[in-house]
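Input: a single structure, listed below in structure tokens.
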Amino acid sequence: MYPAGAPVKPTSLIRLLPRPPVARIRRNVSSVREKVSLGRDKFVVSRQGFGCMGFDAFYFTAQKTSEADAINLVRKATSMGVTHFDTAQFYGNKGENETMLGKALSEISRGSVQIATKGGIGKNFAPDGTPKLVRSSIEASLKRLGTDYVDLFYLARIDTKVPIEDTVGELKLMVQEGKIRHIGLSEASSKTIERADSVHPIAAVQIEWSLFAREFEKEVIPMCRKLGVGIVAYSPLGKGVLAGLFKSSSDIPKGDFRTMVPRLSDKHFDENFAKVQQLVPIAEAKGCSTGQLALAWVHHQGIDVCPIPGTTSEKHLAQNVAALGVELSREEIEKLSSLFPIGSIKGGRYPPGAPTFERN
Ligand SMILES: NC(=O)c1ccc[n+]([C@@H]2O[C@H](COP(=O)([O-])OP(=O)(O)OC[C@H]3O[C@@H](n4cnc5c(N)ncnc54)[C@H](OP(=O)(O)O)[C@@H]3O)[C@@H](O)[C@H]2O)c1
């Protein structure tokens with residue numbers, strides 16, 4: 001097993017050179033303390049981020065995380081070299097996730113961490129890209145986070161009723177006002193990304209990307225690379241499945257959002273899990289866990305990619321940070337990719353009708 005606290009190398013800024021048309025192999029990057037620069041307007045973050053969602057949103061297990069425990073874990077992550085934290089306006093019933101993150105980072109020099117939040121979600125959890133709603137969403141996030149600016153604001157879902165140019169136009173104004181440093185999109189199609197980027201450089205697009213979810217590789221990732229847009233990989237552990245968190249659909253607690261994910265449903269879980277099990281001997285041979293192997297695969301997709309695994313556990317945090325020490329050869333990457341070809345995981349990523357990238 002790759003231990004916690006993988007060897008720390010002197011911090012060096014890896015500059016993003018002209019975007020590769022295909023994924024490049026990452027070499028000699030073995031520490032979370034390495035920096036990556038996402039997007040043309042240079043959103044500089046730690047090589048791996050930290051997803052805060054599970055503390056109080058969507059995942060049932062997380063309801064057990066107290067604010068004090070969440071704050072401790074975020075601070076632990078910073079002590080290990082993680083500087084990039086991902087939250088959202090709608091994590092927690094009343095934005096508790098942002099409030100917690102603001103408190104956790106309050107004693108750290110503001111310039112040494114990057115806060116990324118998401119908004120643009122209106123009534124009944126519907127995407128709302130109206131300039132008025134997006135502005136008020138950011139103002140409210142700033143209050144909860146206790147900061148004058150967020151480093152990156154993502155439109156969480158695309159509102160197809162509002163031209164993306166109008167929404168990004170408002171965000172551009174907020175960049176000029178100093179309230180947000182960079183603009184991002186989540187679950188955006190290649191066309192939406194191109195239109196948005198014509199108004200203001202998009203620093204990063206947040207996509208679900210792992211061996212368990214490769215749908216974005218067809219069009220979205222090539223567009224990001226064509227434009228020089230950074231990629232933030234959410235659910236890089238396949239919502240826990242790649243790390244062996246669940247062995248059957250019945251292991252997912254009642255009320256947990258993952259019970260509604262078609263590829264984790266009774267109908268598809270066993271077939272998909274059998275594929276995941278193929279990672280076990282490969283991970284054993286490399287002396288790492290399946291989760292670390294899966295994270296390493298994401299890390300090796302290019303230095304324009306920053307995964308943001310989420311955890312509520314100190315042990316898992318240490319394992320995830322240590323995954324940066326897992327080096328894969330070109331042959332190993334190809335072997336892993338060939339075990340999970342695009343489309344081979346059965347069932348959708350979200351319940352039918354969800355506002356995913358295929359619908360904007
Ligand atoms: N833009 C979007 O639409 C969107 C959607 C989903 C998520 N996100 C962001 O992406 C972040 C990460 O995504 P995610 O939480 O959905 O999925 P993930 O990172 O793929 O997996 C998280 C799950 O895996 C477990 N886990 C983490 N490390 C582990 C380890 N080393 N061994 C075993 N289990 C482990 C966690 O449980 P424990 O708590 O027990 O460790 C948790 O249940 C979120 O926190 C959020 O910030 C964004």
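Values quoted throughout were computed directly from the atomic coordinates according to the rules given, and no laboratory measurement underlies them. This is a predicted model, so every value here is computed, not measured. Positions of Cβ are generated from backbone atoms using ideal geometry, with glycine treated the same way; all protein chains shown enter the neighbour counts.
Which value, in debye to the nearest 20, gives the size of the charge dipole of segment 125-205 about its Cα centre, when Lys and Arg are +1 and Asp and Glu are -1 at the Cβ?
140
As a footprinting exposure proxy, order F55, F60 by other Cβ within 10 Å, with the fewest listed first.
The fewest-first ordering by Cβ neighbours comes to F60, F55.
Mind checking the dipole of the chain: about its Cα centre, +1 per Lys or Arg Cβ, -1 per Asp or Glu Cβ, Debye to the nearest 20?
Rounded to the nearest 20 debye, it is 400 debye.
For V44, what residues show an amide H to amide H distance below 5 Å, using hydrogens built from the backbone and excluding near sequence neighbours?
L38
Which whole-number percent is the relative contact order of the chain (Cα, under 8 Å, 6+ apart)?
With pairs under 8 Å counted, the relative contact order is 23 percent.
Suppose we keep just the DSSP beta bridges with both residues in the chain; what percent of those would be antiparallel, to 5?
The antiparallel fraction comes to roughly 15 percent.
Remind me, what semi-axes does the chain give for its equivalent ellipsoid, largest first in whole Å, using sqrt of 5 times each Cα gyration tensor eigenvalue?
Square roots of five times the eigenvalues give 28, 23, 22 Å.
Using θ = phi - 60° and the Karplus form 6.51 cos²θ - 1.76 cosθ + 1.60, what ³J(HN,Hα) does each residue of segment 276-283 get, whole Hz, x for Gly and Pro?
Once rounded to whole Hz, the list reads 4, 4, 5, 6, 4, x, 5, 5.
Applying the Karplus parametrisation 6.51 cos²θ - 1.76 cosθ + 1.60 with θ = phi - 60° to the phi angles of segment 150-161, what ³J(HN,Hα) value in whole Hz is obtained for each residue in order, glycine and proline being reported as x?
Values, residue by residue: 9, 6, 9, 10, 9, 6, 5, 9, 8, 8, 6, 8 Hz.
State, to one decimal in nm, how far the label point of S136 lies from the label point of E334, with both points 7 Å from Cα in the Cβ direction.
So the two model labels end up 5.5 nm from each other.
What does the extension gain come out to for S198 and V280, with contour length at 0.36 nm per residue minus their alpha carbon separation?
Extending this stretch completely gives an extra 25.1 nm.
Is it possible to state the helix-based mean residue ellipticity at 222 nm for the chain, with each DSSP H run of 4+ residues giving -39500 (n - 2.57), the sum divided by total residues, to the nearest 500 deg cm²/dmol? What is it?
-9500 deg cm²/dmol
What is the set of long-range amide H partners of Y154 at a cut-off below 5 Å, with H atoms built 1.01 Å from backbone N?
T117, K118, G119, G184
Using amide H atoms built 1.01 Å from N in the peptide plane, name the residues 5+ places from G230, or on other chains, whose amide H lies under 5 Å from its own.
Long-range HN contacts for G230: G39, R40, A204, V205.
What order do you get for 137-143, 335-341 when each peptide is scored by the mean count of other beta carbon atoms within 10 Å, highest first?
Put in order of decreasing packing, that is 137-143, 335-341.
Expressed in nm to one decimal, what extension gain is obtained for the pair F58 and R40 from 0.36 nm per residue of sequence separation less their Cα-Cα distance?
Taking F58 through R40 to full extension adds about 3.2 nm, to one decimal.
Residue-wise, which Karplus ³J(HN,Hα) couplings in Hz belong to segment 76-93, taking 6.51 cos²θ - 1.76 cosθ + 1.60, θ = phi - 60°, and x for glycine or proline?
So the Karplus estimates, Gly and Pro as x, are 4, 4, 5, 5, 8, x, 6, 10, 10, 10, 10, 9, 7, 3, 9, 8, x, 4 Hz.
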